[in-house]
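Asker: Dropping a structure here in C-alpha cells format, bear with me for questions.
The values are calculated or read from the model by the stated rules, or taken from the named source; none is laboratory data. In this text the structure is predicted, and so the values were computed from the model without any measurement. With ideal geometry, Cβ positions are generated from the backbone for all residues, glycine too; neighbour counts draw on all protein chains shown.
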Amino acid sequence: MFGGHFDNPNLWQSGGGWGFDRNQKFSEYFRCYPVVMMPGTERDNLNYGGKIILPPSALNKLTRLNISYPMLFELKNEDLELVSHAGVLEFIAEEGRVYLPQWMMDRLCIQPGSLIVITSTSLPMGSFVKIEPQSPDFLNISDPKAVLENALRNFSTLTLDDIFEIKYNNKVYGIKVLEIKPSSRTGISVVETDLEVDFAPPVGYVEPTRANTPRSTSSMIPTPDGHSMASMIHYAELASASMSSVNVTQTPISTGHRLSGRAVSSRASTPSTPSGRIAVPSLQDAIRKGSEYAVSKTKDTRAIPAPLRLPFGQLFFGYPVVPIPSKANSS
C-alpha cells in the first residue's frame, strides 16, 4: 500500500485525492516599478487604469490555488500601512517584479525597486461611488459621465481615498474616490456591475457670482419692522403725482399767418374729459372746426389750407378735395 507523510498545509484530501486548499490566498513580495520602466515598446496607456503586470510564476500559483475570475489583489506598503487594490492585466513581468501605474505608486508612497506585498482578495460588487475631480478643468469635458464610463473599463477595483488618473484628449485628469457602497470594505469591484456615479465639485472650483437683478416693488412685501413697502416709499403720493403729470389740461397754441397775410386767430385747446383723457373729435368736426381755408383771389390758383393743429395722438389723413375753378367760372 502506498503511504507517505505530507507536510504541506496547503494540501487537502477529498475522495482519496489531493489538491490545494481552496481557502488559501496568493501572497507574495515583489519589487515594484512603474510601467514606463517595463521592457519593450512603451505603453503609456497602462498608466491610466487600475491593473498591474505580474510575472508568469504568479499565474502558475494562482491557477493551482484555483483563484476565480476576476483576479483581484490587495497591494500593501507594510512600512506605511497604505493599501490599494488592483486587477491584473498580463503576466509578462520579469520574475520577482510587478509593474504598477504611476498613480498607484504615488498612492502607496513607494519608489522604484521598493518591496510591496500582493495578496489575492475578493471584493463586493460596487453599487455606488462618489468621485471628486482634482481640477476644475474636468468641467470642460462636454460629457464627463460618458468619458468616465469609458475610462472605468480599464479598472477592476476602486479603493476609498485613491486618486486615480484618466486621460482624455491628451489631457490627464486626477479623480479621487470619496465614497463607495457597499461601505463595509475599503474597496469595491467594478467588473460587470451597474455602478451609480455621483460627482462632487472639483478641487478649486468657485461658484460664479450672480448679478443682482432689480425686482419690481410690491405693496404686499413687508419690511422687517412690519410696515409695507408701499408705505415706506409713499407709493400713493408717487402714483398720484405720476398720473397728474400725464393729464392734459391746456395746451398753448402759437399764432400763425396765412399766405395771404391775414393773421390766424388763436383757438382754444382741445378740452379734456373729467376723467383726464383727451376728448378726440370726429373727423367731420376736425374738418369743420380745425381746418380753415384761405382761397386767394389770384386767378388759377389752388386753395392753400391753413395750418392744422390736432390733439396729441390724433391722426389726419388728408383735406377734402377742392376742385380747381374752371376758366368759365373765374371769368
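Asker: Across region 129-144, what is the total count of residues that are out of contact with any helix residue (DSSP H, G or I) (no Cβ under 8 Å at 6 or more places or on another chain), under 25 Å from residue 185 (Cα atoms) and not aliphatic (A, V, I, L, M)?
Answerer: The first filter runs over region 129-144 and keeps only residues out of contact with any helix residue (DSSP H, G or I) (no Cβ under 8 Å at 6 or more places or on another chain), leaving 129-130, 132, 134-137, 139-140, 142-143.
Checking the rest, the ones that are also under 25 Å from residue 185 (Cα atoms) come to 129-130, 132, 134.
Still in the list and also not aliphatic (A, V, I, L, M): 130, 132, 134.
Residues that pass the stated criteria total 3.
Asker: Assuming residue 84 fulfils every condition listed in (1) under 44 Å from the mean Cα position of the chain (by Cα); (2) surrounded by fewer than 20 Cβ atoms within 10 Å (Cβ to Cβ) apart from one, which condition is it?
Answerer: Going through the list (1) under 44 Å from the mean Cα position of the chain (by Cα); (2) surrounded by fewer than 20 Cβ atoms within 10 Å (Cβ to Cβ), residue 84 breaks only (2).
Asker: Within region 168-185, is even one residue surrounded by 13 or more Cβ atoms within 10 Å (Cβ to Cβ) and at pLDDT below 90?
Answerer: Within region 168-185 (the criterion being surrounded by 13 or more Cβ atoms within 10 Å (Cβ to Cβ) and at pLDDT below 90), the answer is yes, since at least one residue qualifies.
Asker: Just checking, how many residues over region 51-88 are in contact (Cβ under 8 Å) with a residue 40 or more places away in the chain, in a loop (DSSP other than H, G, I, E, B) and among the hydrophobic types (A, V, I, L, M, F, W, C)?
Answerer: Number of matching residues: 4.
Quick grid of which residues meet (1) of a type in the set (Gly, Ala, Ser); (2) modelled with pLDDT of 95 or more:
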{"position": "87", "(1), (2)": "yes, yes"}
{"position": "94", "(1), (2)": "no, yes"}
{"position": "104", "(1), (2)": "no, yes"}
{"position": "117", "(1), (2)": "no, yes"}
{"position": "135", "(1), (2)": "yes, no"}
{"position": "140", "(1), (2)": "no, no"}
{"position": "147", "(1), (2)": "no, no"}
{"position": "159", "(1), (2)": "no, yes"}
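Asker: Can you name every residue in region 184-200 that is farther than 13 Å from residue 148 by Cβ and in a strand (DSSP E or B)?
Answerer: 187, 188, 189
Asker: Identify, from the list 135, 127, the residue that is of a type in the set (Gly, Ala, Ser), out of contact with any Phe, Trp or Tyr (no Cβ under 8 Å at 6 or more places or on another chain), farther than 15 Å from residue 38 by Cα and in contact (Cβ under 8 Å) with a residue 40 or more places away in the chain. Outline the logic, then answer.
Answerer: Numbers: 135 fails: out of contact with any Phe, Trp or Tyr (no Cβ under 8 Å at 6 or more places or on another chain).
None of the other options fit; the residue is 127.
Asker: Hey, another quick one. Within region 52-70, how many residues turn out to be buried (at least 19 other Cβ atoms within 10 Å of the Cβ) and in contact with a strand residue (DSSP E or B) (Cβ under 6 Å, 6 or more places away or on another chain)?
Answerer: 4
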